[in-house]
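Notes for the one structure printed next.
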Amino acid sequence: MQITAAVMREKGGKFSLEQIELDDPREDEVLVRMVSSGICHTDTLPRDQVVPAPFPAVYGHEGAGVVEKVGSKVAKLKVGDHVVMSCHHCGTCDTCKTGEPMYCRDFFKANFGFARMDGSPTMHKGDEVIHGGFFGQSSFATYAIGNERSVVKVPDDVPLELLGPLGCGIQTGAGAVINSLHPSAGDSIVIYGAGSVGLSAVLAAVVTGCAMIISVDVNEERLALAKELGATHIFNPTKTNPVEEVQKLTGGLGSHFSLETSGNLEALRNAVDSTRIRGECGMIGAPAFGSEIGLDTWGLLLGRKVRGICEGDAVPDLFIPRLVELYKQGRFAFDKLVKYYDFEDINTAVEDGEHGRAVKAIMRF
């Protein structure tokens with residue numbers, strides 16, 4: 001079928017809206033009419049070749065829409081269902097089978113392979129292959145194909161246009177707190193980065209009952225928003241040393257937990273140094289491939305933990321509906337992070353996100 005898609009044709013380029021052809025869904029796939037798509041920092045990685053990727057290509061991996069067609073073997077979805085599209089995974093490796101799909105052995109192939117798992121393309125323009133299937137969807141388009149495993153049914157009594165970011169950025173930040181770190185009521189946490197991921201972590205820290213929630217960022221407006229969402233303390237690292245401030249607030253002990261959400265290596269080191277003996281630091285932000293960091297080995301010997309967290313350790317079919325329910329109850333106000341754009345304004349939306357003018361940009365089709 002013919003669709004309109006935002007195509008990226010060169011490194012560091014601009015998106016162009018083009019008429020291209022999308023395959024019919026296969027037996028384990030669904031066709032989704034897109035209602036909206038969030039824009040995530042990860043969408044700029046292939047554009048800038050931070051991760052190797054082909055051109056021309058269609059990005060987008062926080063899609064929300066309505067199921068238009070289902071393959072013959074699709075059991076959990078039907079035409080008309082409201083859905084959020086999340087990360088793809090193989091479903092057959094050991095980590096998938098043990099309930100950890102975000103650590104799929106074929107994660108990079110499934111999400112950054114720009115094709116189906118068997119290598120076949122999903123999009124073309126005449127004889128030209130348009131590389132789609134980004135994160136199993138390529139949702140910067142009026143229609144997208146998703147695999148049954150990575151498409152999640154959501155309630156139809158919540159604005160569908162809002163829900164796309166639950167498929168990646170929001171679930172990543174919230175899941176890192178709820179699923180990965182598991183803070184107890186009364187614990188302390190310091191969150192480096194106040195973008196959509198970091199602010200989702202702030203919201204989740206409130207839900208889990210953390211008594212001290214510290215947000216660190218260089219953007220004063222985002223720090224103010226963190227405070228509004230429930231952060232008890234905010235620090236700008238260009239004006240003060242956040243590690244020293246955390247030590248002061250905790251009586252010299254350090255925080256129980258920390259998160260680094262920006263991909264900044266200095267912030268990652270600060271996040272590790274902010275934790276106490278037996279504390280735990282979660283790394284979410286994605287620096288350039290090959291990046292390395294030095295850590296205080298004696299600090300680690302004293303029981304501190306550092307761990308990578310992918311997509312908030314989520315099982316999307318279970319976790320996304322939980323976040324929707326928390327939102328419906330007024331306990332997870334991620335709608336305060338959102339700024340909407342028309343699909344035609346995709347380049348403005350991307351630029352606003354990169355320059356801090358939008359926390360979470362969402363395109364509406």
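The values are calculated or read from the model by the stated rules, or taken from the named source; none is laboratory data. Being a predicted model, the structure only gives us computed values, none of them experimental. Cβ: placed from backbone, ideal geometry, glycine included. Neighbour counts: every protein chain shown.
Select from the range 244-264 the residues that are surrounded by 21 or more Cβ atoms within 10 Å (Cβ to Cβ) and not in a loop (DSSP other than H, G, I, E, B) and list them in ascending order.
Of the residues in the range 244-264, the ones surrounded by 21 or more Cβ atoms within 10 Å (Cβ to Cβ) are 246, 254-262.
Within the range 244-264, V246, S255, H256, F257, S258, L259, E260 qualify.
Go through (1) under 21 Å from V58 (Cα atoms); (2) in contact (Cβ under 8 Å) with a residue 40 or more places away in the chain; (3) not charged (D, E, K, R) for P155 and report which single condition fails.
Looking at each condition in turn, P155 falls short on (1).
Would you please name the residue that is surrounded by the most Cβ atoms within 10 Å (Cβ to Cβ), looking only at residues in the range 171-202 that are touching a Gly at 6+ places or on another chain (Cβ under 8 Å) and in a strand (DSSP E or B)?
Restricting to residues being touching a Gly at 6+ places or on another chain (Cβ under 8 Å) and in a strand (DSSP E or B), the top hit is I191.
Quickly run through the range 207-224 and pick out the residues that are farther than 18 Å from A267 by Cβ and touching a Lys or Arg at 6+ places or on another chain (Cβ under 8 Å). Step through it out loud before you land on a result.
Restricting attention to the range 207-224, the residues satisfying the condition of being farther than 18 Å from A267 by Cβ are 207-212, 221, 224.
V207, the sole residue that qualifies.
Using beta carbons and a limit of 9 Å, which pairs, at least six apart or on different chains, have the first residue in the range 56-72 and touching a residue at least 40 places away in the same chain (Cβ under 8 Å) and within 16 Å of S37 (Cβ to Cβ) and the second one among the acidic types (D, E) and surrounded by 21 or more Cβ atoms within 10 Å (Cβ to Cβ)?
Here the result reads Y59/D43; G60/D43; H61/D43; E62/D43, each pair linking the range 56-72 to a residue that is among the acidic types (D, E) and surrounded by 21 or more Cβ atoms within 10 Å (Cβ to Cβ).
Among the residues of the range 217-233, count how many are in contact with a strand residue (DSSP E or B) (Cβ under 7 Å, 6 or more places away or on another chain) and free of Cβ contacts under 8 Å to residues at least 24 places away in the same chain. Break it down into steps so the answer makes sense when it comes.
Restricting attention to the range 217-233, the residues satisfying the condition of being in contact with a strand residue (DSSP E or B) (Cβ under 7 Å, 6 or more places away or on another chain) are 223, 226-227, 230-233.
Narrowing further to those that are free of Cβ contacts under 8 Å to residues at least 24 places away in the same chain: 227, 232-233.
Counting residues in the range 217-233 that are in contact with a strand residue (DSSP E or B) (Cβ under 7 Å, 6 or more places away or on another chain) and free of Cβ contacts under 8 Å to residues at least 24 places away in the same chain gives 3.
What is the number of the single condition among (1) surrounded by fewer than 24 Cβ atoms within 10 Å (Cβ to Cβ); (2) assigned by TED's automatic domain parsing to the domain that holds D342; (3) of a type in the set (A, V, I, L, M, F, W, C) that V218 does not meet?
Single failed check for V218: (2).
Within the range 71-108, work out how many residues are surrounded by 15 or more Cβ atoms within 10 Å (Cβ to Cβ) and of a type outside the set (G, A, S). Spell out how you get there, then give the answer.
Let us first name the residues in the range 71-108 that are surrounded by 15 or more Cβ atoms within 10 Å (Cβ to Cβ), namely 71, 74, 77, 81-91, 93, 95-96, 100-104, 106-107.
This time we only want the ones that are of a type outside the set (G, A, S), so: 74, 77, 81-85, 87-90, 93, 95-96, 100-104, 106-107.
Final tally of qualifying residues: 21.
Residues in the range 328-335: is at least one of a type in the set (G, A, S), in contact with a His (Cβ under 9 Å, 6 or more places away or on another chain) and either in contact (Cβ under 8 Å) with a residue 40 or more places away in the chain or surrounded by 21 or more Cβ atoms within 10 Å (Cβ to Cβ) (or both)? Walk me through how you get there before you give the answer.
If we filter the range 328-335 for residues that are of a type in the set (G, A, S), which is where we start, we get 330, 333.
With in contact with a His (Cβ under 9 Å, 6 or more places away or on another chain) added as a condition, the list becomes none.
For the range 328-335, residues of a type in the set (G, A, S), in contact with a His (Cβ under 9 Å, 6 or more places away or on another chain) and either in contact (Cβ under 8 Å) with a residue 40 or more places away in the chain or surrounded by 21 or more Cβ atoms within 10 Å (Cβ to Cβ) (or both): absent.
Checking L302 against (1) in contact with a strand residue (DSSP E or B) (Cβ under 7 Å, 6 or more places away or on another chain); (2) closer than 30 Å to Q49 by Cα: exactly one of these is not met. Which one?
Every listed condition holds for L302 apart from (2).
Quick one: which strands (runs of 3 or more DSSP E) sit completely within the range 265-365 and have at least 1 residues that are hydroxyl-bearing (S, T, Y)? Give the derivation first.
Values: elements: 275-283, 305-308, 338-342, 360-364.
The strands (runs of 3 or more DSSP E) meeting that bar are 275-283, 338-342.
How do the pairs read when you match residues in the range 251-263 that are in contact (Cβ under 8 Å) with a residue 24 or more places away in the chain with residues anywhere that are aromatic (F, W, Y) and buried (at least 24 other Cβ atoms within 10 Å of the Cβ), using Cβ under 9 Å and keeping only pairs 6 or more apart or on different chains?
Hits for this filter: S258/Y192; L259/Y192; E260/Y192; T261/Y192; S262/Y192.
Pairs under 8 Å by beta carbon, first residue within 11 Å of I39 (Cβ to Cβ) and aromatic (F, W, Y) in the range 343-365, partner modelled with pLDDT under 95 and surrounded by fewer than 15 Cβ atoms within 10 Å (Cβ to Cβ), six or more apart or different chains?
From residues that are within 11 Å of I39 (Cβ to Cβ) and aromatic (F, W, Y), there are no pairs.
Out of the residues in the range 124-149 that are at positive phi and crowded, with 24+ Cβ neighbours inside 10 Å, state the one that is farthest from the chain's Cα centre (by Cα). Full working, then the answer.
At the first step, the residues of the range 124-149 found to be at positive phi are 126, 133, 135-136, 138.
If we keep only those that are crowded, with 24+ Cβ neighbours inside 10 Å too, we end up with 133, 135-136, 138.
On the way: G133: 17, F135: 11, G136: 14, S138: 14 Å.
Looking at the filtered set, the residue picked out is G133.
Scan the range 74-109 residue by residue and report those that are within 21 Å of D24 (Cβ to Cβ) and in contact (Cβ under 8 Å) with a residue 60 or more places away in the chain.
Once the filter is applied, which keeps residues that are within 21 Å of D24 (Cβ to Cβ) and in contact (Cβ under 8 Å) with a residue 60 or more places away in the chain, the range 74-109 yields V74, A75, K76, L77, D81, V83, M85, H88.
Answer yes if at least one residue in the range 79-101 is out of contact with any Phe, Trp or Tyr (no Cβ under 8 Å at 6 or more places or on another chain), charged (D, E, K, R), in the same structural domain as V151 (by TED's automatic domain parsing) and under 28 Å from V338 (Cβ atoms), and no otherwise.
So far as the range 79-101 goes, yes, one or more of its residues are out of contact with any Phe, Trp or Tyr (no Cβ under 8 Å at 6 or more places or on another chain), charged (D, E, K, R), in the same structural domain as V151 (by TED's automatic domain parsing) and under 28 Å from V338 (Cβ atoms).
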